[in-house]
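Inspection log for the structure reproduced underneath, given as structure tokens.
The values are calculated or read from the model by the stated rules, or taken from the named source; none is laboratory data. Note that the structure is predicted; figures quoted are calculated from it, not measured. Positions of Cβ are generated from backbone atoms using ideal geometry, with glycine treated the same way; all protein chains shown enter the neighbour counts.
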Amino acid sequence: MTLGAPEQRLGQAGQVAARPVVALLGHPNTGKTTLFNRLTGLRHKTSNFPGTTQEARIGSIGAGRADLIDMPGVYGLELDLPESAVCRRVLAGDGPSPVDGASRAPDAVCVVLDSTHLARNLTLVGEASRRRLPMVVALTMGDVARASGIEVDPARLEAELGCPVVACNARTGEGVDRVAESIARARIPVNTPPGDQAGVTRWADQLARRVALAPADSEKLLRAERRTDRIDRVLTHPVLGAVVFVLVMTGLFGVVFSLAQWPMEAVDWLFASLGGLAQRVLPEGPVRELVSQGVVGGVGATVIFLPQICLLFFLISLLEDTGYLARAALLMDRVLRPFGLAGHSFVPLLSSHACALPGIMSARGVPDPKERLATILVAPFMTCSARIPVYVLATTLLFKDRPWTAALAFVGCYALGIAAGVLSALLVRRTILRGKSRPMAIELPTFKAPSLRTALITTLDRGLVFLRQAGTNILAICVILWWLGAFPHTAPPPGATALREQASALVAPGQEEARAALETEAEHLERAHAQAQSFAGIIGRAIQPVFEPLGFDWRLTIGVVTSFAAREVFVSTMTVVVAGEEDPEAEGVLDQLARATRDDGKTPLFTPAACWSLLVFYVLAMQCLPTLAVTAREAGGARWAFLQFAWMSAVAYLFAFIAYRVALAIGGGA
Amino acid sequence: MNQPETPARRDAHEGCCPPEVATRRVRLTQLRDGQTGKVLTSQLDPQDAQVLSAMGLRADAEVRLCRTGQPCIVAVVGVHGLCCRIGLAGSLAERVVVGVND
């Protein structure tokens with residue numbers, strides 16, 4: 001195959017595409033993705049294989065002369081597994097290619113071969129060679145094999161197979177250039193395995209014996225194995241392993257939260273500055289408001305999570321590379337399996353306690369598609385940081401001066417979210433995502449130092465995916481919701497006008513303080529009025545009867561409507577609607593909220609029953625549009641996001657209703 | 001301890017080694033920590049058997065139990081002595097029959 005010369009491409013006669021396509025194939029844990037990153041650098045994009053939720057990474061190699069597809073790691077092409085089916089389809093050219101959508105087989109296949117498990121890996125070479133595609137073999141992990149006394153002879157293997165075999169080290173980059181060059185010399189192997197699958201296995205075993213020398217010192221190997229045994233016994237022990245796991249995860253999230261704080265503040269400052277700049281530069285009017293508040297404010301509110309997402313993926317990538325994450329998945333499998341989830345689901349669910357966005361995105365590490373989808377669907381039930389302001393408000397109103405009881409209620413909210421999540425997972429796995437759970441059989445890779453380069457590329461990859469999302473769907477959603485909350489502009493209420501008139505009369509020296517107080521009060525009234533008269537306010541009033549059974553009046557309903565895009569907005573909306581103050585932490589706001597009454601002037605706005613109902617509603621409801629957008633993308637369709645929204649809203653409504661009625665029954669109505 | 005195998009079960013895992021190689025047939029879960037054996041056959045579903053076989057846990061493979069329990073860890077010895085470790089759910093491990101030399 002000749003890169004850059006489409007007319008000379010091997011493969012499909014009569015079809016000439018812009019660039020040759022090479023498929024990268026290999027077992028999991030062979031260094032395939034590290035090699036892909038080395039070969040393509042930053043010249044790659046991430047999407048899904050058409051019609052699947054399997055991640056497809058496509059990059060260009062040979063200075064842009066060919067496209068490389070990173071296929072899912074598989075133990076065999078003939079296995080009855082979704083990832084094997086994807087590989088079979090790509091190699092057969094069955095269906096649209098993830099590169100250009102055309103139905104054609106790749107021009108060559110590059111099989112990544114782990115030198116430490118040569119025989120097992122050679123079965124994949126045997127299966128691939130039966131596809132009669134030009135092939136190149138990249139021999140990785142040579143240094144690890146050598147350290148164990150095993151010497152693989154690439155020249156001998158090349159002669160045996162009849163296609164180029166190149167030894168390389170994807171971590172250090174050694175030999176990677178030769179892999180790229182050898183792709184241009186890809187040839188259809190002459191030595192292919194005979195017979196059935198058993199024939200392939202025998203062929204691979206015999207070939208491995210011919211091309212590699214066994215270690216002279218088997219004692220050394222045994223000692224290394226015993227050492228790994230001891231570490232594994234601790235890491236997968238039900239008690240010790242759980243302690244290590246808790247420590248590692250606490251450390252991971254501690255680092256994420258503490259280190260992400262500064263860049264998050266920087267992002268916040270940047271977008272506030274951009275909003276301010278737009279305010280100064282643009283002429284007064286709706287365009288200025290749209291740009292400064294809708295576009296800049298909306299995107300800023302989403303992009304602020306970027307540092308958390310990047311840090312989380314960076315650390316998870318490092319952890320995965322060490323070999324620990326596979327042990328952790330094995331440990332957690334016992335806990336999650338009864339609910340139809342895999343041990344791999346634990347990290348996404350735990351991450352969702354920070355923010356559902358990175359949690360859902362990290363579900364890509366769950367190998368089984370149904371378990372992955374179930375994880376994505378239930379991840380937003382976990383209490384994210386955006387719910388905390390609502391929890392604080394409701395528990396403070398419920399348990400004023402009883403901090404321990406409030407703390408207990410807080411813990412209850414977390415527990416309710418987890419219970420709802422795992423039970424929902426069980427339900428979806430027994431209904432719409434029915435199917436046999438794949439019993440845990442996971443390869444535990446050798447412990448090794450993680451690759452910083454791979455972690456950085458993974459981080460960049462995930463960060464860009466998130467930014468693309470923030471710049472398209474999320475931006476559009478933010479603009480619409482901003483418009484609903486900001487328009488139509490209405491005349492100030494008579495009370496505010498009267499206050500301003502009074503303030504303007506206070507011109508004498510010494511009256512500055514009284515004047516400022518009147519103006520502040522007028523401003524509060526104007527804000528509350530504007531919020532109530534906005535489209536969101538109108539919608540809130542219109543749908544208030546729907547929320548009546550939950551104990552919500554029209555003001556609480558406006559809070560629910562405006563926080564549809566982001567939960568945390570509920571508190572600021574309530575402070576604006578009730579107190580006319582934008583800052584929920586401003587002095588006296590909480591007292592004003594506690595004292596606020598409903599339209600009858602007697603019933604408190606936040607009755608204990610309404611507070612319980614509100615608390616349960618916000619634990620369970622899907623009030624986060626960016627999460628829905630990410631679910632649609634990661635799950636492979638808007639229907640999953642719709643299902644997630646409908647299910648979570650229904651569960652939230654039902655349980656909030658129950659909480660309200662129970663609280664009323666025990667005297668929480670006033 | 002050793003349940004009789006049906007021909008269908010036996011066929012699910014091709015390429016069994018001759019029974020005279022092993023002196024005692026036990027389930028993988030019955031091995032002690034660090035004990036080695038040779039996979040004889042399995043009573044797994046064909047799909048699970050196929051996956052484990054592709055991972056290296058196939059008939060005639062030499063195995064060592066690294067950690068007992070649920071799930072267990074088994075090291076599959078490769079042709080040159082290097083092992084690959086597999087974490088295995090108990091439901092799978094108890095269906096793999098190995099031969100051990102006492």
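Observations on the model:
- Pairs where the first residue, in the stretch A:540-551, is in the same structural domain as A:A528 (by TED's automatic domain parsing) and the second is aromatic (F, W, Y) and surrounded by fewer than 16 Cβ atoms within 10 Å (Cβ to Cβ), C-beta under 6 Å, 6+ apart: none
- The stretch A:312-327, residues that are more than 14 Å from chain B (Cβ to nearest Cβ) and modelled with pLDDT of 85 or more: A:F314, A:L315, A:S317, A:L318, A:L319, A:E320, A:D321, A:T322
- The listed residue being within 14 Å of chain B (Cβ to nearest Cβ) and surrounded by 15 or more Cβ atoms within 10 Å (Cβ to Cβ), out of A:A208, A:A184, A:A170: A:A208
- Per-region count, the stretch A:289-323, residues in contact with a helix residue (DSSP H, G or I) (Cβ under 7 Å, 6 or more places away or on another chain) and either closer than 18 Å to A:L452 by Cβ or not hydrophobic (A, V, I, L, M, F, W, C) (or both): 21
- Output for the stretch A:75-124, where each listed residue is within 9 Å of another protein chain (Cβ to nearest Cβ), surrounded by 24 or more Cβ atoms within 10 Å (Cβ to Cβ) and in contact with a Phe, Trp or Tyr (Cβ under 9 Å, 6 or more places away or on another chain): A:R120, A:T123, A:L124
- Scanning the stretch A:420-442 for residues that are within 27 Å of A:L315 (Cα to Cα) and at pLDDT 90 or above turns up A:G421, A:V422, A:A425.
- Filtered by the rule that a residue be surrounded by 15 or more Cβ atoms within 10 Å (Cβ to Cβ) and at the interface with chain B (Cβ under 8 Å from one of its Cβ atoms), the stretch A:215-239 gives A:P215, A:L221, A:E225, A:T228, A:D229, A:D232, A:R233, A:T236.
- Selected residue (only one of A:V244, A:V200, A:V234, A:V256 is of a type in the set (V, I, T), at pLDDT below 85 and outside any loop (DSSP other than H, G, I, E, B)): A:V256
- Taking the stretch A:638-670 as the range and being closer than 16 Å to A:T375 by Cβ and either among the charged types (D, E, K, R) or surrounded by fewer than 22 Cβ atoms within 10 Å (Cβ to Cβ) (or both) as the test, the residues that pass are A:W640, A:L643, A:W647.
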